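**Q** Mind looking over this structure? Questions follow.
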Amino acid sequence: GVHMDDLDFRLAAQAEPNAQAVLAFGIDAANRDTGAVGPEPLNVYVYAQDEMVAGVSGDTLGTNLVITALWVDSAFRSQGVARRLVEMIEAEAQGRGCKTALVDVMSYQPVAFFAKTGYHEIARLTNVYDHDRVFLRKNLG
């Protein structure tokens with residue numbers, strides 16, 4: 001068999017797509033071996049004349065929605081686009097049986113936006129890359 005001394009450890013500053021796919025597949029397989037069900041992706045994208053101008057991504061797992069990314073192009077901000085995206089992803093998550101939505105953002109990101117849409121701070125890690133990392137939760141339905 002192969003021993004530790006035969007392995008080639010490679011440090012990569014940039015993620016390699018093929019390596020990331022193998023990593024994700026390996027994690028999913030290991031989780032399935034324990035009987036755990038993996039997260040189901042959930043995304044909403046906004047297009048203006050076939051160009052993506054906003055989007056929200058997340059995963060549902062059990063009764064939880066975890067929002068992992070939210071972005072709106074600067075030309076479309078302050079028009080309710082982000083609110084509509086969050087409403088849409090939450091509604092779909094509820095359709096999947098989710099009761100809670102979770103998100104974490106850095107303190108220089110839209111903490112106030114999530115607070116205005118019903119999210120409540122549940123934890124804060126201070127001094128993460130010179131900012132705070134804020135964890136928020138919202139009860140759905």
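**Q** Quick check on this structure: which one of 20, 79, 14 is exposed (fewer than 13 other Cβ atoms within 10 Å of the Cβ) and farther than 27 Å from residue 102 by Cα? Talk me through it step by step, then tell me what you get.
**A** Details: 20 fails: farther than 27 Å from residue 102 by Cα; 79 fails: farther than 27 Å from residue 102 by Cα.
Just a single option satisfies the conditions, and that option is 14.
**Q** Given (1) under 21 Å from residue 101 (Cβ atoms); (2) open to solvent by less than 50 Å² (accessible area, probe 1.4 Å); (3) modelled with pLDDT of 95 or more, identify the lone condition not met by residue 53.
**A** Going through the list (1) under 21 Å from residue 101 (Cβ atoms); (2) open to solvent by less than 50 Å² (accessible area, probe 1.4 Å); (3) modelled with pLDDT of 95 or more, residue 53 breaks only (1).
**Q** Would you pick out the residues in region 121-141 that are surrounded by 11 or more Cβ atoms within 10 Å (Cβ to Cβ) and in contact with a Lys or Arg (Cβ under 9 Å, 6 or more places away or on another chain)? Break it down into steps so the answer makes sense when it comes.
**A** Narrowing region 121-141 to residues surrounded by 11 or more Cβ atoms within 10 Å (Cβ to Cβ): 121-122, 124-125, 128, 131-138, 140.
Across region 121-141, the qualifying residues are 121, 122, 124, 125, 132, 133, 134, 135, 140.
**Q** Among the residues of region 58-82, count how many are touching a helix residue (DSSP H, G or I) at 6+ places or on another chain (Cβ under 8 Å) and either without any contact (Cβ under 8 Å) to a residue 60 or more places away in the chain or among the aromatic types (Phe, Trp, Tyr) (or both). Steps first, answer last, please.
**A** The first filter runs over region 58-82 and keeps only residues touching a helix residue (DSSP H, G or I) at 6+ places or on another chain (Cβ under 8 Å), leaving 58, 60, 65, 67, 70, 72, 82.
From what is left, the residues that are either without any contact (Cβ under 8 Å) to a residue 60 or more places away in the chain or among the aromatic types (Phe, Trp, Tyr) (or both) are 58, 60, 67, 70, 72, 82.
So the answer is 6.
**Q** While we're on this one: Quickly run through region 108-120 and pick out the residues that are assigned to a loop (DSSP other than H, G, I, E, B), touching a strand residue (DSSP E or B) at 6+ places or on another chain (Cβ under 6 Å) and open to solvent by less than 50 Å² (accessible area, probe 1.4 Å).
**A** Just the residues of region 108-120 that are assigned to a loop (DSSP other than H, G, I, E, B), to begin with: 108-110, 117-119.
Of the ones still in play, those that are also touching a strand residue (DSSP E or B) at 6+ places or on another chain (Cβ under 6 Å) are 108, 118-119.
Listed by number, the residues that qualify are 118, 119.
**Q** Do you know which residues across region 65-107 are of a type in the set (Phe, Trp, Tyr) and in a strand (DSSP E or B)? First the steps, then the outcome.
**A** First pass over region 65-107, keeping only residues of a type in the set (Phe, Trp, Tyr): 71, 76.
Within region 65-107, 71 is the sole residue that qualifies.
**Q** Are any of the residues in region 123-136 among the basic types (Lys, Arg), modelled with pLDDT under 95 and out of contact with any Ser or Thr (no Cβ under 6 Å at 6 or more places or on another chain)?
**A** Kept after step one, since they are among the basic types (Lys, Arg), are these residues of region 123-136: 124, 133.
In the following step, the residues that additionally are modelled with pLDDT under 95 were identified as 124, 133.
Within this subset, residues satisfying the condition of being out of contact with any Ser or Thr (no Cβ under 6 Å at 6 or more places or on another chain) are 124, 133.
Yes, region 123-136 has at least one match.
The values are calculated or read from the model by the stated rules, or taken from the named source; none is laboratory data. Since the model is a prediction, treat every value here as computed from it, not as a measurement. Cβ: placed from backbone, ideal geometry, glycine included. Neighbour counts: every protein chain shown. These accessible areas exclude ligands, DNA and RNA; they are computed on the full protein's heavy atoms, side chains included. Shrake-Rupley method; radii C 1.70, N 1.55, O 1.52, S 1.80 Å.
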